[in-house]
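Here is the structure we will look at, set down as structure tokens.
The values are calculated or read from the model by the stated rules, or taken from the named source; none is laboratory data. For clarity, every value in this text was computed on a predicted model and none was experimentally measured. Glycine also receives a Cβ, built like all others from the backbone with ideal geometry; neighbour counts cover every protein chain displayed.
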Amino acid sequence: MPNRPHAAARQRQPELERDFSRHPSLGYEAPEDTGVIRCLAHGFPTPLARWHHHDEFELHLIVATSGKAFVGDWIGPFEPGHLVLTGPRLPHNWVSMDVPEGGVGLRDLVVQFPLAPIAAAAEHIPELAEALPLFERARHGVEFFGLGERAQAHWHRCKDSRGLRRLAAFCDYLADLARSTDYRLLSAVQMQAEDDDAGLDRINRIVDRLTADVAQPLVAAEVAAELGMSESRFSRFFRRATGNNFTDFVNRVRINRACQLLMESDRKVGDIGYEVGFNNLANFNRRFLEIKGMTPTEFRRQAERRFGGSAS
């Protein structure tokens, strides 16, 4: 067969955003105008709307248009009022589907901030520690509901302030988020607080084993025996620590790995299912649909939109 020219391969890995790329012409504040709290506003389309990640936490509020949001392996709709907190190195992008001709001048109100100085300050200022559980949740991505208008007001107070007043406005914003109970984690797997540190270490070792090799067979009764527990006690213990029963947790970890492979490779869906531990395609498709709300094929098709274009 004659050789056909191939289109340039699309980069599937998220772009790492670095300080040298954050030029004021793109909407970033000049370094001399800000401290650890950086405010950013932009419209759409823009070079800033791309599949990317960075070392900072990011509060991202949509104020115009609707479309698809991509946060890690989560895909879902957004509209004005959509508010998400993402953690460090968690890839994300928002792709508007209803943009008028010429685009929109303002779509996103963003606050970026590093964890290290806040966590260090929290060791000496107990009030700041109230936000630390929020930061842990954000490593999975957190979507908040019913806070759109307040978040917009918070953003403008931060943007219009400098120095200590900006820090105070930012802390007020964090306080609302830390106390909010109307939210959801966008990642499928969550580790919850556990009073027994030694017990949590045992759970973490199990999780580490699973994530290191998602296809390995893990049976609750065998894991319980390894830990010197009855199966019923292990089941209660594991649910308290992770929020899931053992089988559901294993399936969620495997589906998360499958999402990564679907997004980052062109391998066949069936091959991916076997690699992450499902022994037949029907079971893989069924579990995937239960957890992600769509089939693996639909997930891959929609995931292509995270680059800002249609699937090719």
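Among the numbered conditions (1) in a loop (DSSP other than H, G, I, E, B); (2) modelled with pLDDT of 90 or more, the only one that Met229 does not meet is (2). Residues in the range 29-59 that are among the small types (Gly, Ala, Ser) and assigned to a strand (DSSP E or B): Ala41, Gly43.
Considering only residues in the range 205-222 that are modelled with pLDDT under 85 and in contact with a Lys or Arg (Cβ under 9 Å, 6 or more places away or on another chain), the one that is surrounded by the fewest Cβ atoms within 10 Å (Cβ to Cβ) turns out to be Gln216. Pairs linking a residue in the range 151-172 that is touching a residue at least 24 places away in the same chain (Cβ under 8 Å) to a residue that is surrounded by fewer than 16 Cβ atoms within 10 Å (Cβ to Cβ) and part of a helix (DSSP H, G or I), with Cβ atoms under 8 Å and 6 or more positions apart or on different chains, are Ala151/Asp176; Arg162/Asp33. The set of residues in the range 244-276 that are over 26 Å from Arg306 (Cα atoms) and either of a type in the set (D, E, K, R) or in contact with a Phe, Trp or Tyr (Cβ under 9 Å, 6 or more places away or on another chain) (or both) comprises Asn244, Asn245, Phe246, Asp248, Phe249.
Pick from Ala151, Ala169: which is in a helix (DSSP H, G or I) and closer than 16 Å to Val63 by Cα?
On the way: Ala169 fails: closer than 16 Å to Val63 by Cα.
Criteria check complete, one pass: Ala151.
Taking (1) touching a Phe, Trp or Tyr at 6+ places or on another chain (Cβ under 8 Å); (2) in a helix (DSSP H, G or I); (3) modelled with pLDDT under 80 in turn, Ser187 satisfies each apart from (2).
Could you tell me whether the range 109-129 includes any residue that is at positive phi and out of contact with any Lys or Arg (no Cβ under 8 Å at 6 or more places or on another chain)? Spell out the reasoning first.
Quick first cut of the range 109-129, residues at positive phi only: none.
No, the range 109-129 has no match at all.
Answer yes if at least one residue in the range 30-44 is surrounded by fewer than 16 Cβ atoms within 10 Å (Cβ to Cβ), among the charged types (D, E, K, R) and over 23 Å from Asp176 (Cβ atoms), and no otherwise. Yes: one or more hits. Do we find a residue being under 24 Å from Met97 (Cβ atoms), part of a helix (DSSP H, G or I) and without any contact (Cβ under 8 Å) to a residue 24 or more places away in the chain anywhere in the range 268-290? Yes; the residues of the range 268-290 include at least one that is under 24 Å from Met97 (Cβ atoms), part of a helix (DSSP H, G or I) and without any contact (Cβ under 8 Å) to a residue 24 or more places away in the chain.
Is it the case that Arg157 is modelled with pLDDT of 95 or more and basic (Lys, Arg)? Spell out how you get there, then give the answer.
On the way: modelled with pLDDT of 95 or more: yes; basic (Lys, Arg): yes.
Against the criterion (modelled with pLDDT of 95 or more and basic (Lys, Arg)), Arg157 qualifies.
Here Gly81 meets the list (1) in a loop (DSSP other than H, G, I, E, B); (2) among the small types (Gly, Ala, Ser); (3) closer than 24 Å to Ala258 by Cα almost entirely, failing just condition (3). Of His140, His124, all but one fail to be over 21 Å from Leu48 (Cα atoms) and exposed (fewer than 14 other Cβ atoms within 10 Å of the Cβ); the exception is His124.
Of the residues making up the range 10-28, those that are in a loop (DSSP other than H, G, I, E, B), in contact (Cβ under 8 Å) with a residue 24 or more places away in the chain and within 21 Å of the chain's Cα centre (by Cα) are Arg12, Gln13, Pro14, Glu17, Arg18. Kindly indicate whether Leu281 is farther than 12 Å from Ala215 by Cα, surrounded by fewer than 20 Cβ atoms within 10 Å (Cβ to Cβ), modelled with pLDDT of 90 or more and more than 22 Å from the chain's Cα centre (by Cα). When the stated conditions are applied, Leu281 passes them. Of Ala303, Ala241, all but one fail to be over 20 Å from the mean Cα position of the chain (by Cα), surrounded by 20 or more Cβ atoms within 10 Å (Cβ to Cβ), in a helix (DSSP H, G or I) and at pLDDT below 90; the exception is Ala241. Just checking, does the range 95-114 include any residue being among the small types (Gly, Ala, Ser) and in a helix (DSSP H, G or I)? No.
Restricting attention to the range 284-300, report how many residues are surrounded by fewer than 17 Cβ atoms within 10 Å (Cβ to Cβ) and in contact with a Ser or Thr (Cβ under 7 Å, 6 or more places away or on another chain). Adding up the residues that qualify gives 1.
Go over the candidates Glu79, Glu58 one by one and state the one that is without any contact (Cβ under 8 Å) to a residue 40 or more places away in the chain, within 20 Å of His156 (Cα to Cα) and touching a strand residue (DSSP E or B) at 6+ places or on another chain (Cβ under 9 Å).
Working: Glu58 fails: without any contact (Cβ under 8 Å) to a residue 40 or more places away in the chain.
Every option except Glu79 fails the conditions.
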